[in-house]
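The values are calculated or read from the model by the stated rules, or taken from the named source; none is laboratory data. Since the model is a prediction, treat every value here as computed from it, not as a measurement. In this analysis, Cβ positions are derived from the backbone assuming ideal geometry, glycine residues included, and neighbour counts consider all displayed protein chains. Keep in mind that these areas ignore ligands, DNA and RNA; they rest on the heavy atoms of the full protein, side chains included. Shrake-Rupley method; radii C 1.70, N 1.55, O 1.52, S 1.80 Å.
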Amino acid sequence: MESLIEEAKKCQEDAIKEIESASSSSRLMEIRNIYLSKKGRLSSLLSELRNVEAKDKGRVGAILNKAREAVQNAFLAREKQLKEEEMKKELEKETIDISLPGRNFTPGTINPFYLIRDEICDIFASMGFRIVEGNDIESERYNFELLNMPHDHPARDMQDTFYLTNGLLLRTQTSAAQAHTLEEDLSKGPLRIVSPGKCYRRDDDDMTHSHQFGQVEGLVVGKGVSMADLKGTLALFVKKMFGEKRKIRLRSSYFPFTEPSVEVDVSCAKCGGKGCNMCKGTGWIEILGAGEVHPNVLKMGGYDPKEVSGFAFGVGIERVAMLRYGIDDIRRFYQNDIRFLASFHQED
Ligand code: PHE
């Protein structure tokens, strides 16, 4: 019995000495296992208690438990100490050298595509047009049928369409927004809207073509809306966008959803109409398609073409931006070249 007590004291001393000299948490855990685990030295001493005579059991048991408790406390204290030391070392390793100069994050710039898109919308908004959003993914019904292009209409071939596998398509023109607006306008006019957005057509990408491009669609419907209104509105738009001196010229054209249809040219800003390389010697540059809304389109939209009339137009956003800024290649809008984009930096 006495030897058991001796042994417990020895064990306690050894353990505490080792615990205090443990130099890392992992070493400390090893020591813990040797002394305090289920099969550890202190536990096996405790299990020898059953050989001690009953009358001494209480006293010896208390001594053994005290030894265990002392070792346990030494362990906890050392564990805390080591954790703190290790954390301190870790933090020292991770200190940041605040004397290094910071990285310079210059604010981005708005792509000129969006600058011009917003400017076009602002100009029309100032004339009382409401801005409506369209959908990039459309059904044939809105992109073609309600625009007077039934399934077998040859004009569909003018727009090489990206069809999706579910029968929908990527809209080929923002004109799809015309059909939506007519349908959704419960007051049945008068209405004046512009709808900006992206369009998609299968096209070879070169300096002037892209499979994806932007348009702003315009639609006006009301009593007695005429070609004169169309001409006046677009002449004002062109002056606001390109300057007071710019004139427009209408050339007759064809779109299934307008009748009559026109293509609108703006007088060349570079040569003032004399003819140069920019306008290919003609003095004029084409910027948009337009016309009086076709009676069939009004009818399909729930309007009575005998009561109301309207005009519509579609402006190419990149086209306008290229003319306005003198950009020579449409691909520049999509390449994210910082040197190009930064040249459109706008002061706040
Ligand atoms: N949707 C036509 C196009 O993409 C442009 C247009 C719009 C023409 C509205 C007339 C009226 O070519």
- Tell me, what does the Kirkwood hydrodynamic radius of region 2-93 come to in angstroms if you use every pair of distinct C-alpha atoms? 14.1
- Two-site FRET efficiency, Asn51 against Glu79, from Cβ-Cβ distance with R₀ of 41 Å, rounded to 0.05: 0.80
- Query: In what sequence, largest accessible area first, do Leu115, Leu46 appear using a 1.4 Å probe?
  - Reply: Leu46, Leu115
- Query: How big is the gap, in Å, between the Cα center of region 89-103 and the Cα center of region 132-199?
  - Reply: 58
- Task: With a length cut of 20 Å (Cα positions projected on each helix's long axis) and a Kyte-Doolittle mean of at least -1.0, go through the chain and give me the DSSP H helices that pass.
- Result: 2-21, 112-126, 227-242
- Query: aspartates and glutamates within cross-link reach of Lys247: Cα-Cα under 16 Å, excluding same-chain residues under 8 positions apart?
  - Reply: Asp229, Glu263, Asp265, Glu286
- Note on the structure: For Glu84, the accessible surface traced by a 1.4 Å probe with all protein chains present amounts, in square angstrom to the nearest 10, to 110
- Task: In whole Hz, with x marking every Gly and Pro, tabulate ³J(HN,Hα) for region 277-289 from phi via Karplus 6.51 cos²θ - 1.76 cosθ + 1.60, θ = phi - 60°.
- Result: 5, 5, 9, 6, x, 8, x, 10, 10, 6, 10, 7, x
- Item | Long-range Cα-Cα pairs in region 151-222 (distance over 17 Å), rounded percent | 54
- Item | Neighbourhood net charge (12 Å Cβ-Cβ; Lys/Arg +1, Asp/Glu -1) for Asp204 | -1
- Message: Among the listed pairs Lys231/Lys270; Lys55/Lys80; Lys223/Lys245, which have their C-alpha atoms separated by more than 29 angstrom in this model?
- Response: Lys55/Lys80; Lys223/Lys245
- Task: Enumerate the whole-percent occupancy of each 10 Å bin, from 0 to the last occupied one, for all C-alpha pair distances of region 41-140.
- Result: 10, 15, 12, 9, 9, 10, 9, 9, 10, 7, 1
- Spatially proximal aspartates and glutamates relative to Lys57 (Cα-Cα < 19 Å; intrachain offsets below 8 disregarded): Glu2, Glu6, Glu7, Glu48, Glu69
- Message: Apply the Karplus curve 6.51 cos²θ - 1.76 cosθ + 1.60, θ = phi - 60°, to the phi angles in region 188-202 and return the couplings in whole Hz, x for Gly and Pro.
- Response: 6, x, x, 9, 9, 9, 10, 9, x, x, 9, 10, 9, 9, 5
- Task: Find the Cα radius of gyration of region 204-293, compare it with 2.2 N^0.38 Å by division, and give the number to two decimals.
- Result: 1.18
- Item | Probe 1.4 Å, accessible area per residue of the chain, Å² | 58
- Query: So how exposed is Ser126, as accessible area in Å² (1.4 Å probe, rounded to 10)?
  - Reply: 80
- Query: Net charge near Arg171, counting Lys/Arg +1 and Asp/Glu -1 over other residues with Cβ under 11 Å of its Cβ?
  - Reply: -2
- Message: For the ranges 144-151, 325-332, what's the packing order if you count other beta-carbon atoms within 10 Å of each residue, average per peptide, and put the highest first?
- Response: 144-151, 325-332
- Note on the structure: For Glu69 and Ile338, extending 7 Å from Cα along the Cα-Cβ vector and measuring point to point gives, in nm, a value of 6.8
- Item | Estimated FRET transfer efficiency (Ile131, Cys276; beta-carbon r; R0 35 Å; 0.05) | 0.50
- Task: Roll a 1.4 Å probe over the protein heavy atoms and report the accessible area of Lys66 in Å², nearest 10.
- Result: 150
- Considering only protein heavy atoms and a 1.4 Å probe, what is the carbon-and-sulfur percentage of the accessible area of the chain? 52
- Task: Starting from the amide H of Trp284, placed 1.01 Å from N in the peptide plane, find each other amide H under 5 Å away whose residue is 5 or more places distant or on another chain.
- Result: Cys268
- Note on the structure: Sorted largest first, the C-alpha extents of the chain along its principal axes in whole angstrom are 119, 50, 36
- Task: Output the relative contact order of the chain, whole-number percent, from Cα pairs under 8 angstrom with separation of 6+ residues.
- Result: 15
